[in-house]
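Read the structure below first, then the notes.
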Amino acid sequence: MDIIYVALKTTFPLLFIMSIGYIAKVLKVFKKQEVSSINKLVYWVLLPILLFCNVYQPELYTLKNTRLLLFSIAATTVVIICAFIIVPFVIKDRSKVGVVIQGLLRGNILYFGVPVISSLLGETYVGLISIVIVGLVPIYNIVSVIALEKYSSKKVKLKTTVIKIAKNPLIISAVLGMSAVFLKIEMPILIMDSLKTVARATTAIALILLGAAIELSFTKENLKIVVFTAFTKLVIIPIIVLIIAPLIGLTKFEIITVFAVFAAPTAVASYSLAREMNADYDLAGQIVFLSTISSVITIFFGTVLLQWFHIL
């Protein structure tokens with residue numbers, strides 16, 4: 001297996017699409033007001049549709065996937081707790097803490113993890129990561145909203161935070177999707193096909209938007225924060241998770257799935273969320289950008305290690 005090709009196959013399309021947005025900005029195709037308007041479309045319409053389609057997959061809710069799902073949720077919960085404890089001590093600027101927590105937590109599973117699994121194991125095993133997506137995406141969104149709201153530049157009341165969380169379109173779409181599954185509501189095929197068509201376009205639009213909004217001129221402070229976040233997200237967390245996974249008896253296919261989940265770079269949606277919630281969206285975009293580029297290297301060495309230990 002050409003592991004270099006696998007690494008490039010999963011990350012190059014993301015970087016290429018982001019570069020389209022960046023070039024468009026340089027050529028002044030986008031104005032700042034237009035980027036803001038498009039971001040609202042992505043955040044309020046496109047991302048919720050994408051999330052609903054990810055969650056509304058009744059065939060994935062089976063008992064045989066319970067162990068992998070529970071491990072992924074447990075590991076993510078530990079990451080969340082550690083992030084809320086450690087990050088405020090490492091990052092002195094309070095307004096950046098929530099963005100960093102989101103950057104550490106939120107992986108681009110759908111558009112990074114799925115291609116990795118497909119490349120390493122084949123299409124047959126994509127279902128393994130799909131059930132993890134169903135469990136983790138709602139957690140990502142709820143905790144990200146809490147983190148960004150808690151560490152916003154202005155003081156907020158608990159009631160205000162709860163109301164904002166309840167009104168968050170990403171959380172609403174996840175709840176609707178899971179409710180439809182558990183209540184056994186069958187969505188009309190024509191509607192689902194239409195929603196899936198929109199969902200397929202969402203990430204490309206979000207990546208172009210990110211490329212148009214990204215600032216490559218890092219401040220000294222931001223550079224340190226971005227490097228810290230990307231290194232922790234792509235190296236420290238995956239190593240710890242991969243050490244624990246075999247110890248609790250996960251199969252090699254489940255371990256590779258765990259690798260694809262926790263080695264994924266920060267999700268593109270984190271930029272849109274940060275911008276919409278008036279957080280430091282420049283920092284959020286830089287974290288997405290650097291983690292995505294760096295993931296080419298980390299996925300390469302991760303794949304080598306999996307082969308070295310005869311897991312792959």
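All of the numbers you see were taken from the coordinates with simple rules; none came from a lab. Every value quoted in this text rests on a predicted model; they were computed, and no experiment measured them. So basically every Cβ, Gly included, is an ideal-geometry build from the backbone, and we count neighbours across all protein chains shown.
Please determine, by comparing only the residues of segment 12-49 that are touching an Asp or Glu at 6+ places or on another chain (Cβ under 9 Å) and surrounded by fewer than 20 Cβ atoms within 10 Å (Cβ to Cβ), which one is farthest from ILE214 (Cα to Cα).
TRP44
Exactly one of (1) under 17 Å from the mean Cα position of the chain (by Cα); (2) closer than 14 Å to CYS53 by Cβ; (3) touching a residue at least 12 places away in the same chain (Cβ under 8 Å) is unmet by GLY177. Its number?
The single condition GLY177 does not satisfy is (1).
Please go through segment 180-228 and pick out each residue that is in a loop (DSSP other than H, G, I, E, B) and either within 24 Å of PRO13 (Cα to Cα) or touching a residue at least 24 places away in the same chain (Cβ under 8 Å) (or both).
LYS184, MET187, ILE214, GLU215, LEU216, SER217, PHE218, listed by residue number.
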